[in-house]
Amino acid sequence: MNLRFTDHPWFGPAILLIAGALQTLTFSPFHLWWLGPLSVFLIVLVTLHQASEKLFRAGWFIGLGLFGSGASWIYISISEHGNTSVPVAVLLMVLFIAGLALFHGLAFWFWGKLAKESMIRRLLLFPAIWVLGDWLRGWLLTGFPWLYLGTAHTDGPLGGLAPLTGVHGITFWITVTGAAAYAIWWLVLSGHRKSATVTALFTLLPWFLAPAMKQADWTDLSEQPVTFAAMQGNIPQQIKWDPEFLRDQIVAYLGMTEAHWQRDLILWPETAIPIPQDQAGKVLDHIHEELGDESTLITGIPWYGYSDRIDDFTFHNSIMAIGSGEGIYHKQKLVPFGEYVPLQGILRGLIGFFDLPMSSFTPGPKYQSPLVANGINIMPYICYEVAYPDFVAFNARNSGLLLTISNDGWFGDSIGPLQHLQLARMRALETGRYMLRGTNNGVTAIINEKGEITERIPQFQRAVLTGEVFPATGSTPYMQTGSWPVLTLAMILIVFVRERVIPKNPTP
């Protein structure tokens, strides 16, 4: 069943672009998770019989469709907040999207090299290659672990696999489903109906079992609630780092907290105090005086000081606990060009985007301790860090609550902040822990251990979120193993298929 029409000079690439864009619709705010397997089916339909030398380009088109539709929100931070002209902002956005699409191109090139022209090999290897490509994209050059297909299943039927396999395991089965759909179609047309039935039953089994797994209690929640309040200041990005408005911002957060000083846990968002801790002594002292005897306030704040680790002064994007709690955490996963500038000796000064405020941070050390509030260990993640599944799961092991702060004002009213919220939900589901999310302009939310939002504040409003959260003990299987079982399975599949003698293209 060789569909030569897909080799048309423009028809095949058009389908691949559409298939990539369909994946964006599986994520928040659209939540059309069922388009994931359909997208994979279309990709297999077009690429399965393509010559190996054409697969790099095919993968690149898929990436263009995905990131062009799902990550173009980067334009807002470059143009509106990066002091960059529209033509230059468009050029940088295009380069960003085209660069990310290379990961798909590389994965499909590797697919062609391993499977050659064998249809069966290609079908068997497709899920393994896709997942390994995702993993590489989340690791290489600090990584961009965004828009993984499995993330869509915070509200989908495969979400129950998250505590077992993590997001990569869900992605693996979505790609298995799409590839199997093509195989079933081929088997039916070839007259192998029994084989098609067995393949369908095997493929659908996790789709039926996973919803029940999501209801399982992988961790134990405390019966004693923690009272919680989070402040969403909705500070305009244009004045965030303007010295004339620094006092007004701090006064705004203090005023919002006025009726909540007795809460067990109070949260201010990323860099809510927009001056380094060595200059914020009066503010921190005032907060200490206002807090109740058993209250803890956690806030984002830049940190400047001497580091024994590198024997020099460093500047960090940090979060600290004040009051009955203690601890400070320095962000480890910095955003390229937003929080540090690669090759800054060359790039700084060329255009405004390379000189954004607070773009000279130093990454924090590995293996930092959780924050502590009233004897509860709280593992914090700052902004982009919550996108890294294995990073979050590993650091969550010694914590009862997870917490993430962000300032998504960089991305306006685009879909970026809503995708970011969904990533936090998936991390809560993977670890079986409450995730507390505090942001400058939305979405501030309480996410329970099932990845469900129990309380939230609408975007672009100055408001206070209140509620109760429940610390957890114990670990999910994914917290213990990370993504290694799925990655190992992918490697074993590659070795097994590669070593076996498999017909090139069986004839119906």
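The values are calculated or read from the model by the stated rules, or taken from the named source; none is laboratory data. In this text the structure is predicted, and so the values were computed from the model without any measurement. When we count neighbours, we look across all protein chains shown, and the Cβ atoms used for this are built from the backbone with ideal geometry, even at glycine. Surface accessibility is based on the protein's heavy atoms, side chains included, excluding ligands, DNA and RNA. Shrake-Rupley method; radii C 1.70, N 1.55, O 1.52, S 1.80 Å.
Quick notes on this one:
- Seen from a random direction on average, the alpha-carbon convex hull of segment 172-237 projects onto 9.5 square nanometres.
- Distance between the 7 Å Cα→Cβ label points at Phe11 and Trp484: 4.8 nm.
- Å² per residue, accessible surface of the chain at 1.4 Å: 41
- Quarter the surface of the alpha carbon convex hull of segment 9-135 and you get the mean projected area, 8.4 square nanometres.
- Distance distribution note for the chain: the fraction of Cα pairs above 41 angstrom is 23%.
- A cut-off of 5 Å between modelled amide H atoms, ignoring neighbours fewer than 5 places along the same chain, links Gly305 with Thr314.
- Applying a length cut-off of 15 Å (Cα extent along the axis) and a mean Kyte-Doolittle floor of 0.0 to the DSSP H helices of the chain leaves 11-24, 35-47, 55-70, 86-115, 119-137, 162-189, 193-214, 246-257, 484-499.
- Gain upon complete extension [Leu136, Val88; 0.36 nm per residue less C-alpha separation]: 14.4 nm
- Hypothetical label at His286: residues of segment 215-234 whose amide nitrogen lies under 20 Å (7 Å Cα-Cβ projection): 230-234
- Rounded to the nearest 20 debye, the dipole magnitude of the chain is 2760 debye, with +1 charges on Lys and Arg beta carbons, -1 on Asp and Glu beta carbons, and the Cα centre as origin.
- Taking 21 Å as the limit for the C-alpha separation, the pairs Lys331/Lys366; Lys214/Lys331; Lys214/Lys366 exceed it in the case of Lys214/Lys331; Lys214/Lys366.
- Counting protein heavy atoms only, segment 84-150 has 83 percent of its accessible area on carbon and sulfur, 1.4 angstrom probe.
- Euclidean distance of C-alpha centroids, segment 244-322 and segment 440-486, integer Å: 22
- Within the straight-line cut-off of under 27 Å between alpha carbons, the lysines reachable from Lys113 are Lys54, Lys504, sequence neighbours fewer than 8 places apart in one chain being disregarded.
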